[in-house]
Amino acid sequence: MSLDKYEFSKAMQDYMLGFSEGEIAKLFTFFDYDRSGLVEYDEFIRTIRGPMNPARKAIVAKAFAIMDKDKGGFIDINDMRGVYNAAKHPDVTSGKKTEQQILQEFLETFETAHNMRNNDAPDYIVTKEEFEEYYNNVSASIDSDEYFSVMMNSAWNLDNSRVTKKGWKADEAPEKGGAGASKGGPARSGGVAGALGGNAKGNATAKGGAKDSGLPPMNYTEA
């Protein structure tokens, strides 16, 4: 779902918002933060809603601390190996990709939203700012602070109620299945993450109306 410049301008005029052509052009540029020539739904919502409030930022910081296993202030491939086992990912077992490539793709998902806003290239090292921007996009579609908290706990096991390391089943494709539980990693969410697909903005956008796994569209199960 997106609007090009003509559609955006027509919408402004149809709703008689009183903007001049120059103002509409500036607004379009403001919303189109990845400079694709289109205003995507996620860009529009993220811009209207703004960044997370302090309570949500604090929750996201806890999730970041879980992933930052060596407490280096960023999440890299070594941190990922301490949380995920990609040995049985279908693309690994079929020889299409290495375990490192799978983990790098997962890291890149968290970088994408921030990189598009800043015209940066992925380096597979997720800073706290990049991690927070990923969740700014997720948060924009969630009205309730309470629901956001529940979603994050379900995704990242913030209360440490589950203790298993996660990996991928050999017989499941990445786009199917649910999120797995782990101490120090994402927790099983009843298959919500499996209902998600990634879009061009790098956000987890729901198929069927839910954008609430708190995780990129990957597939997890016990290693």
Checklist outcome for this item: Residues VAL39, VAL83 in order from fewest to most other beta-carbon atoms within 10 Å are VAL83, VAL39
Item to check | Peptides ranked, highest mean first, by Cβ atoms within 10 Å: ranges 1-9, 98-106 | outcome: 98-106, 1-9
Checklist outcome for this item: Full extension between ASN53 and LYS5 adds, at 0.36 nm per residue less the Cα distance, a length in nm of 14.2 nm
Checklist entry - For GLU130, GLU108, what's the fewest-to-most ordering of other Cβ within 10 Å of each Cβ? => result GLU108, GLU130
Next on the checklist: Contact order normalised by length for the range 52-113, with contacts defined as Cα pairs under 8 Å and 6 or more residues apart; what percent is it?
Outcome noted: 22
Next on the checklist: For the pair TYR41/VAL150, report the inter-label distance in nm, with labels modelled 7 Å from Cα in the Cβ direction.
Outcome noted: 2.2
Checklist entry - By the scheme Lys and Arg +1, Asp and Glu -1, what is the net charge of all other residues having a beta-carbon under 11 Å from that of GLN101? => result -2
Checklist entry - Based on the Cβ-Cβ distance from GLN101 to ALA25, what FRET efficiency comes out when R0 is 30 Å, to the nearest 0.05? => result 0.15
Item to check | Packing-based order for 11-18, 110-117, using average beta carbon neighbours within 10 Å, highest first | outcome: 110-117, 11-18
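Taken together, the values in this text are just the output of simple stated rules run on the coordinates, not laboratory data. Just so you know, these numbers come straight off a predicted model, no measurement behind them. Quick reminder, even Gly has a Cβ in these numbers, built from the backbone with ideal geometry, and neighbours come from all protein chains shown.
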